[in-house]
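Please treat every number below as a calculation from the coordinates, not as lab data. Because the structure is a prediction, the values reported are computed rather than measured. Methodologically, a virtual Cβ is constructed for each residue, glycine included, from the backbone with ideal geometry; neighbour enumeration extends over all protein chains shown.
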Amino acid sequence: MCGIVGAVSNRNIVPILIEGLKRLEYRGYDSCGVAVHQGGQLKRARSTARVAELEAGVAQDGIAAGTGIAHTRWATHGPPCDENSHPHLDQSSQIAVVHNGVIENYDQLKERLLKAGHQFASTTDTEVLAHLIGEH
Ligand code: GLU
């Protein structure tokens, strides 16, 4: 079962996001990731390994910010891989989404968005949500 953590503060919340994911690990997951607002843009790190590896990755990439979201994934649409790990971004890379569950009509939505020129980076249902929000 997937897990979602979000935090907003005037200090660096990345350790809070990582700690939150560690507390959710017992629920089971196949991949994990974080996205934060840093320096006027979204920075993202994802992993198909354990949260500890994600933690090392965010440290290595210098990811630190006051606003962010994080996710442990239990795949329903698309195999576990970096591209399918959450968070997913919209077309402009200004919106990041994490999601728990299934978007039943994602294939109709995706077909419409593809016709409108959207390009998708994953095979998940969730990425459709990011693009849909971005479109509106
Ligand atoms: N359906 C989404 C996916 O396959 C979310 C799965 C979950 O709840 O972790 O990425």
Subject >> Cα-based helix-to-principal-axis angle, 51-60 vs the chain, degrees rounded to 10 >> reply: 80 degrees
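From the Cα gyration tensor of the chain, with a ≥ b ≥ c the square roots of its eigenvalues, which class applies: rounded if a/c is under 1.5, or else prolate if a/b is larger than b/c, or else oblate? Before the final figure, lay out each step's value.
Details: a/c = 2.09, a/b = 1.39, b/c = 1.51.
Because a/c hits 1.5 or more and a/b fails to exceed b/c, the chain counts as oblate.
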Subject >> Ranked by how many other beta carbons lie within 10 Å on average, peptides 47-54, 104-111, 14-21, 27-34 from highest >> reply: 27-34, 14-21, 47-54, 104-111
**OP:** Take the alpha carbon gyration tensor of the stretch 68-116, find the square roots of its eigenvalues, order them as a ≥ b ≥ c, and report rounded if a/c is under 1.5; if not, report prolate when a/b exceeds b/c, else oblate.
**Re:** oblate
**OP:** Would you mind putting 120-128, 5-13 in packing order, based on average other-beta-carbon counts within 10 Å, highest first?
**Re:** 120-128, 5-13
Original post:
According to the square roots a ≥ b ≥ c of the eigenvalues of the Cα gyration tensor, what is the shape class of the stretch 1-48, taking rounded for a/c under 1.5, prolate for a/b larger than b/c otherwise, and oblate for the remainder?
Top reply: oblate
**OP:** Report, to the nearest 10°, how far helix 106-115 tilts away from the longest principal axis of the Cα atoms in the chain, using its own Cα long axis and a range of 0 to 90°.
**Re:** 70 degrees
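Using just the helices of the chain, give the 222 nm mean residue ellipticity in deg cm²/dmol: DSSP H runs with n ≥ 4 each add -39,500 (n - 2.57), and the total is spread over all residues, rounded to 500. Walk me through the intermediate numbers first.
Numbers: 4 runs with 41 residues, N = 136.
Here the helix-only value at 222 nm equals -9000 deg cm²/dmol.
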